[in-house]
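Have a look at the structure below before the remarks.
The values are calculated or read from the model by the stated rules, or taken from the named source; none is laboratory data. Remember, it's a predicted structure, so these values are computed and weren't measured experimentally. Cβ atoms come from the backbone with ideal geometry, glycine included; neighbour counts cover every protein chain shown.
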Amino acid sequence: MAIGANRRENGTFGPNNNASPFGRGIITEEVKILRRATKDIIAEYKANLAAALPRIEQVLISLAEAGDIGSIKEIHDRVMGKPLQQTDITSGGEKIGISEEQSNAARKALVKYE
């Protein structure tokens, strides 16, 4: 099927249209080996971390009890969860609005897709 063929008037794909006419890319043997190696490395890291965690935990608690702020924060974040970071995407604390003209233009554009 040619690229651009079998499309509706609004530009969306028609029935039975393959969005990727050449199909999924070939996964080479090197990529497969790399993926397996990555999975093995991650599994080994998790196993080592699980084995070391009881020792790390005691050191972290000892440091926090001794007043180490970084350790206190780490334990607090792990137990209580990190606080939400609020982002102000407005202009000077006020909502960003659109004009009546922009709103009407958007409504007209959306009518095509109903």
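Exactly one condition in (1) at pLDDT below 90; (2) surrounded by 10 or more Cβ atoms within 10 Å (Cβ to Cβ); (3) not basic (Lys, Arg) is false for Leu60; which is it?
With respect to (1) at pLDDT below 90; (2) surrounded by 10 or more Cβ atoms within 10 Å (Cβ to Cβ); (3) not basic (Lys, Arg), Leu60 is out only on (1).
If you go through region 78-85 one residue at a time, do you hit one that is part of a helix (DSSP H, G or I), surrounded by 10 or more Cβ atoms within 10 Å (Cβ to Cβ) and under 29 Å from the mean Cα position of the chain (by Cα)?
yes
Could you give me the residue pairs with C-beta distances under 8 Å whose first residue belongs to region 100-114 and is within 14 Å of Asn10 (Cβ to Cβ), whose second residue is exposed (fewer than 10 other Cβ atoms within 10 Å of the Cβ) wherever it lies, and which are 6+ apart or on separate chains?
Going by the 8 Å Cβ cut-off, the qualifying pairs are Lys112/Asn10; Tyr113/Asn10.
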